[in-house]
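Comments concern the structure below.
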Amino acid sequence: MSASRTMNGSIRFERQGALAQVTLSHPGKFNAMSRAMWRELRRVFEAIQCDAALRCVLVRGEAGHFCAGGDIAEYPDFRFSEAGLRDFHENDVWGGLQAMLDCDVPIVAQIEGNCMGAGVEIACCCDIRIADAASKFGAPIARLGFPMAPREAALVLREAGALTAREMLLEAAVFTAAQMQARGFLNRVLPDGQCAGEAVATAARILALAPQAARLNKQTIRALNPPSGLDETAPVATNLIANILSRAYAYADSSEHREGIRAFIEKRPSNFSTS
Amino acid sequence: MSASRTMNGSIRFERQGALAQVTLSHPGKFNAMSRAMWRELRRVFEAIQCDAALRCVLVRGEAGHFCAGGDIAEYPDFRFSEAGLRDFHENDVWGGLQAMLDCDVPIVAQIEGNCMGAGVEIACCCDIRIADAASKFGAPIARLGFPMAPREAALVLREAGALTAREMLLEAAVFTAAQMQARGFLNRVLPDGQCAGEAVATAARILALAPQAARLNKQTIRALNPPSGLDETAPVATNLIANILSRAYAYADSSEHREGIRAFIEKRPSNFSTS
Amino acid sequence: MSASRTMNGSIRFERQGALAQVTLSHPGKFNAMSRAMWRELRRVFEAIQCDAALRCVLVRGEAGHFCAGGDIAEYPDFRFSEAGLRDFHENDVWGGLQAMLDCDVPIVAQIEGNCMGAGVEIACCCDIRIADAASKFGAPIARLGFPMAPREAALVLREAGALTAREMLLEAAVFTAAQMQARGFLNRVLPDGQCAGEAVATAARILALAPQAARLNKQTIRALNPPSGLDETAPVATNLIANILSRAYAYADSSEHREGIRAFIEKRPSNFSTS
């Protein structure tokens, strides 16, 4: 077992034979993802991808929650500068998510408690999603005054579907596990604390199957199913992506963005009526 | 409040602060869309798009129905000429739908009663769909002897899914609201006349959220999620689209098409057995 | 009625007016698809496509099962050579599936009993899927030590959705009809042996509708909705497909592949622990 901890949360990695266990950990913050955690998530999945003996990855959060979102306390440090905001989303966040998407080993998500924002995005990178009946899903960043970054939106659109993605983003809707199963996002929903057991049993089933076949299936599925419109190898998509990405972070210094973040930190409702 | 009415139905537009209310109105025809209404739909949404103060649009039909389809009484005037048919679908119908799709303001659909053909297509352009439990959905134009126009088919395929689109088009199936929710087309289904209240409450929730974030989210989602295969900015798709569109309306003068429309107008079952 | 039979199963074709009935038949093997059957499936659907008088095709399996998969007894003859494996998937299997996908006549699937592997792929090529409540669905080829071929994976991803395709391939999951309906793969599920009656009734509804409109709808839907990433007419996709396909069958001679097939034939559990 290797573990690295920082003041701002950590990604714990444990290896048990052919099984990798990845635990999101940010005590007191429902495992909200700090910048340090995003960077560590990337390193952990890059290491997993290089380990030919691994056959399954189990991703979960510590202490009864998957991940409550981003670590908003850090946001004032970088979000109000366009360059800082771009660096955060394109490098830190997408670096972590892309490393998960690039992983050839099957990934099982064990989702309990809060699965919001960054949590939904991390779950979107898992192949099989097992959830506790009491878990909650959403990306209510419209309350925080900002839109979802383009690559992240493409990922959530692909995995949660446009209907659910729009409801999360435009109405700030929060969904139950049963709703997310009906929307086609969750493979299984378990009541009464059985989620962890089912996730482990799922990993055990995967461990017994042909490992090379799994890696080939993941490579094929990844090639066939890139996040909508964001396959940069596609010349067709290039102008579209370039166009979206070039103006995606221009909102950084806007009053609406500042009001949303400030209100959250000051623990008051945001007021967008005059923005 | 501005209202414009013609003999052949109208699109009513009302503005209440940051909320635009758009009402499909064609008394006695369950709000079936006439050519004049399609053109007015375009003008209304182009005006909405130019109004930076708007934060939500609520679309509904008058008198307990959303929209029963096209105004079939007008069809003999233009449908049996290829040029006339093309002009209707590519300019009138798609002009209206494209203006809705191009709208950066979140659109909520309040769907009651009949939501058929053109009604389904208009609902496909809305971001959040709230329906009454007694509403009905379908596009049974195979009874009228004609296929769905390509751009409209791409839109319905994308929003309703291929399984449902094929069942609507190939079997002329009509679905309940509960079925359309299970198929992933409706966000919420409300019993006992609570649909209008929920639609208004949804609009109120959207009005309280960050308006710039909503517009940016819609721009990103639109760019990522064009109707399948019909992104004309894509060089790859051009030949395919050009090919489909070039022959899409050649059926205009066929006996099957004439029989389907004639039978409807004569209020008798269509007979395709000898066509 | 024409029928052709071989030692290794057959595809029975019967014509009743404008209805074509196609029956998968491999007695004693739950209609598992042999190479001869794949080639016959192609010939049958190419003949259907050339028959302008047909208005509906009904596809079913003989004796209470749809299709249990491939005929594994044949596999040692060709699967362990890369060229043989490629020929099987690209020519025999895809030849049959492509002929179904290219068919302009609406296809109804009547699914009872086992619908596994090849059975799921054949069902994916049908427009409307009616299933018995006791039918079972899956593609547990990870037990057999091999991945799904790219074109087939693209088809299953498109029709069953990525969530279900991954669960079938990575966890070897098997689904009930109710689950596959909830996942959006089945149009209707019927209890107590009512599946055949509903499939025939569905065909009758299609026969009464406009036949030219159905063909035009299928042409449009096919053009708009190619299996993800595998539209070879698209220059963008070419490198991706070429890349996947060039290395898709390199696993032919691997110990994992041999162990999976051998274990099945020897009727013992496969052991992938040392591969």
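Just a few scattered comments:
- Selected residue (criterion: farthest from B:Ile206 (Cα to Cα)) from residues of region B:58-79 that are touching a helix residue (DSSP H, G or I) at 6+ places or on another chain (Cβ under 6 Å) and of a type in the set (A, V, I, L, M, F, W, C): B:Phe78
- Taking the conditions (1) of a type outside the set (A, V, I, L, M); (2) under 23 Å from C:Ser273 (Cα atoms); (3) facing chain C (nearest Cβ under 8 Å) in turn, A:Asn225 satisfies each one other than (2).
- Of the residues making up region A:187-198, at least one is more than 23 Å from A:Leu245 (Cα to Cα) and touching a Leu at 6+ places or on another chain (Cβ under 7 Å).
- If the condition is being among the β-branched types (Val, Ile, Thr) and closer than 25 Å to A:Trp38 by Cβ, then region A:140-198 contributes A:Ile141, A:Val156, A:Thr164, A:Val174.
- Taking region A:55-100 as the range and being surrounded by fewer than 20 Cβ atoms within 10 Å (Cβ to Cβ) and in a loop (DSSP other than H, G, I, E, B) as the test, the residues that pass are A:Glu62, A:Ala63, A:Gly64, A:Phe78, A:Phe80, A:Ser81.
- Taken together, the criteria place B:Ala109 among residues that are outside any helix (DSSP H, G or I) and in contact with a Cys (Cβ under 6 Å, 6 or more places away or on another chain).
- Residue within region A:102-122 that is within 13 Å of the chain's Cα centre (by Cα), more than 29 Å from A:Asn217 (Cβ to Cβ) and of a type in the set (A, V, I, L, M) present: yes
- All positions within region C:167-191 that are within 16 Å of A:Ile221 (Cβ to Cβ), assigned to a helix (DSSP H, G or I) and more than 17 Å from the chain's Cα centre (by Cα): C:Glu167, C:Leu170
- Single residue of C:Phe185, C:Phe175 found to be more than 10 Å from every other protein chain (Cβ to nearest Cβ), aromatic (Phe, Trp, Tyr) and touching a strand residue (DSSP E or B) at 6+ places or on another chain (Cβ under 8 Å): C:Phe175
- Pair list, Cβ under 6 Å, 6 or more apart: region C:111-135 residue of a type in the set (S, T, N, Q), other residue assigned to a helix (DSSP H, G or I) and crowded, with 24+ Cβ neighbours inside 10 Å: C:Ser135/C:Ala177
- Summed over region A:192-219, the residues that are free of Cβ contacts under 8 Å to residues at least 40 places away in the same chain and assigned to a helix (DSSP H, G or I) give a count of 9.
- Scope region A:138-187; condition more than 21 Å from A:Asp87 (Cβ to Cβ) and charged (D, E, K, R); matching residues: A:Arg143, A:Arg158, A:Glu159, A:Arg166, A:Glu167, A:Glu171, A:Arg183
- B:Ser25 falls short on exactly one of the conditions (1) buried (at least 21 other Cβ atoms within 10 Å of the Cβ); (2) more than 19 Å from B:Ala139 (Cα to Cα), and that condition is (1).
- Residue list for region C:136-165, restricted to those being surrounded by 24 or more Cβ atoms within 10 Å (Cβ to Cβ) and more than 11 Å from every other protein chain (Cβ to nearest Cβ): C:Phe137
- Pairs are defined by a Cβ separation below 8 Å, a sequence spacing of at least 6 or placement on different chains, a first member in region A:46-71 that is closer than 27 Å to A:Ala149 by Cβ, and a second member that is among the charged types (D, E, K, R) and part of a loop (DSSP other than H, G, I, E, B); the pairs so defined are A:Gln49/A:Asp102; A:Gln49/A:Asp104; A:Arg60/A:Glu112; A:Gly61/A:Glu112; A:His65/A:Glu112; A:Phe66/A:Glu112; A:Ala68/A:Lys29; A:Asp71/A:Lys29.
- Checked against (1) farther than 26 Å from C:Ala139 by Cα; (2) of a type in the set (Lys, Arg); (3) buried (at least 18 other Cβ atoms within 10 Å of the Cβ), C:Arg15 passes all but a single condition, namely (3).
- Hey, C:Ala123 away from chain A (no Cβ under 14 Å), assigned to a helix (DSSP H, G or I) and closer than 23 Å to C:Leu58 by Cβ or not: yes
- Output for region C:209-222, where each listed residue is at pLDDT 95 or above and more than 7 Å from chain B (Cβ to nearest Cβ): C:Arg215, C:Lys218
- Residue list for region B:181-197, filter: more than 30 Å from A:His257 (Cβ to Cβ), surrounded by 17 or more Cβ atoms within 10 Å (Cβ to Cβ) and not small (Gly, Ala, Ser): B:Gln181, B:Arg183, B:Phe185, B:Leu186, B:Val189, B:Leu190, B:Cys195
The values are calculated or read from the model by the stated rules, or taken from the named source; none is laboratory data. What you see is a predicted model, and the numbers here were worked out from it, not measured in a lab. Reconstructed Cβ throughout: ideal geometry from the backbone, glycine too, with neighbour counts over all protein chains shown.
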